[in-house]
Each structure stands twice: as C-alpha cells, then as structure tokens.
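Below is one structure; the comments refer to it alone.
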Amino acid sequence: KRKAERFLEAPIEAKDVWIVGDTERDIWAARAAGFNVIAVATGHMSVESLNAHKPDVCLPDFSDVGRFVDIIFS
C-alpha cells in the first residue's frame, strides 16, 4: 500500500484495495491488512473451502472477466 501511495502521490484507503488469491492464507492476509479480498478457486482449494474463510467474493475461475472487473470497480 505504501509503495502504491508513493507512486500515485496520494493516500489509498484500505477499502479501495482488493487482494486476489487462491488460498485461505491470502484471505487471512487481506483481512489482517484491512483489505477486500476476492478468492478464486484456481489452485488446490475449492470454492466451498475458500468460502468457509469468508472472502468478500469467491469465484470459481477467471472465465467471467466482466464480473471480475465489475467487482473491483463497483
């Protein structure tokens, strides 16, 4: 976040940051930092397993790019 703020020369609110990951650890890390998280079941974890860790959004894959973009920019 700090690196992005330096690059943009502007503060970034945690609510505006999205972390994308495919494990429960990605979800935990995003939550620890106060960020939003999109879990994507492209690795060894299923949608059900990822949802158990309460991401903001959980996708089965990136096949619906439009939905992914809509989530980030909404």
**Request:** Show the residues, 5+ positions off or on another chain, whose built amide H is closer than 5 Å to the amide H of residue 19.
**Result:** 36, 37, 38
**Request:** Run the dipole for the chain about the Cα centre, Lys and Arg Cβ at +1, Asp and Glu Cβ at -1, nothing else charged, and hand back the magnitude in debye, nearest 20.
**Result:** 340 debye
**Complete:** Taking the chain and counting helices only, DSSP H stretches of n ≥ 4 at -39,500 (n - 2.57) each over all residues, the nearest-500 ellipticity at 222 nm comes to -11000 deg cm²/dmol
**Request:** Excluding residues fewer than 8 places away in the same chain, name every one of the aspartates and glutamates whose C-alpha is closer than 17 Å to that of residue 1.
**Result:** 9, 13, 16, 26
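Write down the Kirkwood hydrodynamic radius of the chain, to one decimal in angstroms, obtained as one divided by the mean of 1/r over all alpha carbon pairs.
Values: mean 1/r = 0.0777 Å⁻¹.
Result for the chain stands at 12.9 Å.
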**Prompt:** Using Cα atoms only, what is the angle between the long axis of helix 24-33 and the major principal axis of the chain, expressed in degrees (0 to 90) to the nearest 10?
**Reply:** 30 degrees
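Every number in this text was worked out from the coordinates using simple rules, so none of it is lab data. Quantities reported herein were computed from a predicted structural model and do not represent experimental measurements. Quick reminder, even Gly has a Cβ in these numbers, built from the backbone with ideal geometry, and neighbours come from all protein chains shown.
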